[in-house]
Structures are given as structure tokens and as C-alpha cells.
Amino acid sequence: MKKIGILTSGGDCSGMNAAIRSATRTALGHGVQVVGFRKGYAGLLKPDFLEMGTKEVAGILHRGGTFLQSARSDEFRTPMGREKAVRHLGEMGVDGLVIIGGDGSLNGALALHRLGVPVIGIPASIDNDIPFTDMALGVDTALNNIIYAIDCIKDTASSHDRAFVVEVMGRNSGYLASTAAIASGAEYAIVPEVECDIQDLCDQLRTRWEEGRSNAIIVLAEGAGRAQDIADTVKDVIGFETRVTVLGHYQRGGAPSVFDRLLGSRLGHAAVELLLEGQKGKMVGLCCNSIVPTLLETVVVSEKRQPDELHNLSLILGI
């Protein structure tokens, strides 16, 4: 293998640059050329790329997002678009790809693998919804961002005797909501995996109110309900003055945590080593603190559900 390509696709997250840097330096250390494709799969189709040396990846480790940028490509979803991408890779002499992203990106990686392109995927999704990895890139940094925001909101909640519904990301996964509720001392977590009993929530808050605890934080995963509806119900049933804060894309940005810098470095290194060993069609993930490869065909058809005990713990500690 003489040349590999690297791209980031889907939603950006902190830790992607660490993975890019590590994969690039690992390849260069083996005498392998590296090209970085800009804006994900769209960069394969133009093609839009840059030659990657140590200079290009210097000073990016501490930066959030991805310096290669990311975008979604409708054209790549088509058979003709994928064949076009394979043709461009062949014309450029790219012998293998490292693809960093979430479930959509890994599905794209599998499609290229089935067309004969050696591919290794790296999981990157702040929702932590990718199976066969304990943590995906960006999760830890996002959690730290959420905790900082909730800590700030708590000051206002206690100053004004208010309840706050804080909406975090998590369309299909409540990992961020449950974990953030535990780590921030929130009173309640609402997640997509478990139907919310709004009456139980209000009963708990009423009990707190009667005990003299006149403020509360409710953490809501975006896929589990409408924040304003929950806030209105709490206000109507209990009389709590209730506010809504939607954290949105704030969660995805910022300097990566130490954990994400290390994880990105480990995953980037492992991805290139696997390609050079002749392995392909796999995703590298973190399992019990070891980097473990799993077939992409297995990853994309599997589902990751947050442990029930995580959500249960958030509810018990919120009493």
C-alpha cells in the first residue's frame, strides 16, 4: 500500500482532528503517502483533496471539529455516485481509505468496501449510538460541554426558584441525557428509549417543592419529546416557573477533552495499521479499553441501546 486517503463525514465532533493527525503520521511513518479529502464523500466525487504531510496536521490536535471539513452528499448515495468515487480513487492511486464519522458515514464505508475499496472506519458521533465501541469520538467532549452549561443554568435556577428543561442532542439515543443528568445532579432525565411518565415527573417535583427544594433541572434528549410542552405541563401542574434551554450545536464544538484526544489518536493509528496489514471492511472501536476491529457489515445492521441501569441510576439519584 503506497497511498491512503482520509475523510470525515456527517456531523462534526471534537476528536476528529486527533484521529486525522494520528492516521496521517502513522502512514507517513511507514513511508505511505496520504491525501485528505475535503468535505467528506463530496470530496471523493469532485475530487477535492490535499496532500497531507506532517506540516498539514501540525497544530490541529487541540482544535474541535474537523479541519478537512464535512458535508453530506446526495450524489454519493446513488450507485453512479459511488462508482464515480471508486473511479477517482483508482485514478489517484489511492489504495485504501480511513473514514471517520457516524452511522451514515460507516454505511458509506461499507458500500465502498463492497465495491472493492479497502476501508477502515472510525466511529465519531456525540450521541454514542454506534455499536461495538464503548465510546465514539466526541462523546466525552460533548458531555463536558453539557455539564458546564447545566452548572451555569443551575445558578440561575436556584437564584429564581425555577425549573429548567435542558434539551441535549440524542435523536434516538438517551446516552447524553442520562449521563449528563447523573454527572450534573439533575432531577430528571427524559430519553427516547423509555416512555416518559409526565405525571410521575410532576409528582416528584411537587414533593421536592413541598420539602423546600424550589428549583429543578430536567434533561431532555431531543428525540424524546418537545421541551416546551414539558415545561408548560410542569408549570401548569405544579406552578413552577419553568424555562427551556436548547443547547443545540454548542455541544458538538470546542477543544477536545484529553479522553477524545487520546481516543482519536489510538483509533487513527489502529485504522492505518489494519490497512497496512491487509485488513479491510472493518471499524475500529474501544472495547474494555482495547482497540478492537469489527466487520462493518456487522456494525451497520446492529443497534446500540444504552444500558437500562444508566437511566435508572439517573432517576434514583434525582430523587
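The values are calculated or read from the model by the stated rules, or taken from the named source; none is laboratory data. Everything numeric here is computed off the predicted structure, so don't read it as measured data. A quick note on method: Cβ atoms are made from the backbone with ideal geometry, for glycine too, and the neighbour counts reach across all protein chains shown. Heavy atoms of the whole protein, side chains included, go into the accessibility calculation; ligands, DNA and RNA do not. Shrake-Rupley method; radii C 1.70, N 1.55, O 1.52, S 1.80 Å.
Taken together, Asp134, Asp127 contain a single residue that is open to solvent by 10 Å² or more (accessible area, probe 1.4 Å), part of a loop (DSSP other than H, G, I, E, B), in contact with a Gly (Cβ under 8 Å, 6 or more places away or on another chain) and under 18 Å from Leu262 (Cβ atoms), which is Asp134.
Being touching a residue at least 12 places away in the same chain (Cβ under 8 Å), among the polar types (S, T, N, Q), in a loop (DSSP other than H, G, I, E, B) and closer than 20 Å to Gly264 by Cα is not true of Ser105. Quick one: Val98 ticks every box in (1) surrounded by fewer than 22 Cβ atoms within 10 Å (Cβ to Cβ); (2) at pLDDT 95 or above bar one, so which box is it? Single failed check for Val98: (1). Only one entry in Gly268, Gly264 is at pLDDT 95 or above, in contact with a Leu (Cβ under 7 Å, 6 or more places away or on another chain) and farther than 24 Å from Thr156 by Cα, namely Gly264.
In the range 229-251, the qualifying residues are those that are under 18 Å from Ile153 (Cα atoms) and assigned to a loop (DSSP other than H, G, I, E, B), and the one that is farthest from the chain's Cα centre (by Cα) is Phe240.
Of everything in the range 193-228, what is within 23 Å of Asp127 (Cα to Cα), open to solvent by 50 Å² or more (accessible area, probe 1.4 Å) and in a helix (DSSP H, G or I)? Give them in sequence order. Within the range 193-228, Glu222, Gln228 meet the criteria.
Inside the range 26-39, residues that are free of Cβ contacts under 8 Å to residues at least 40 places away in the same chain and surrounded by fewer than 20 Cβ atoms within 10 Å (Cβ to Cβ) make up a count of 4.
No other residue among Phe67, Phe76 is aromatic (Phe, Trp, Tyr), within 26 Å of the chain's Cα centre (by Cα), closer than 28 Å to Gly170 by Cα and not in a loop (DSSP other than H, G, I, E, B) apart from Phe76. If you go through the range 252-261 and pick out every residue that is crowded, with 19+ Cβ neighbours inside 10 Å, assigned to a helix (DSSP H, G or I) and at pLDDT 95 or above, you end up with 2.
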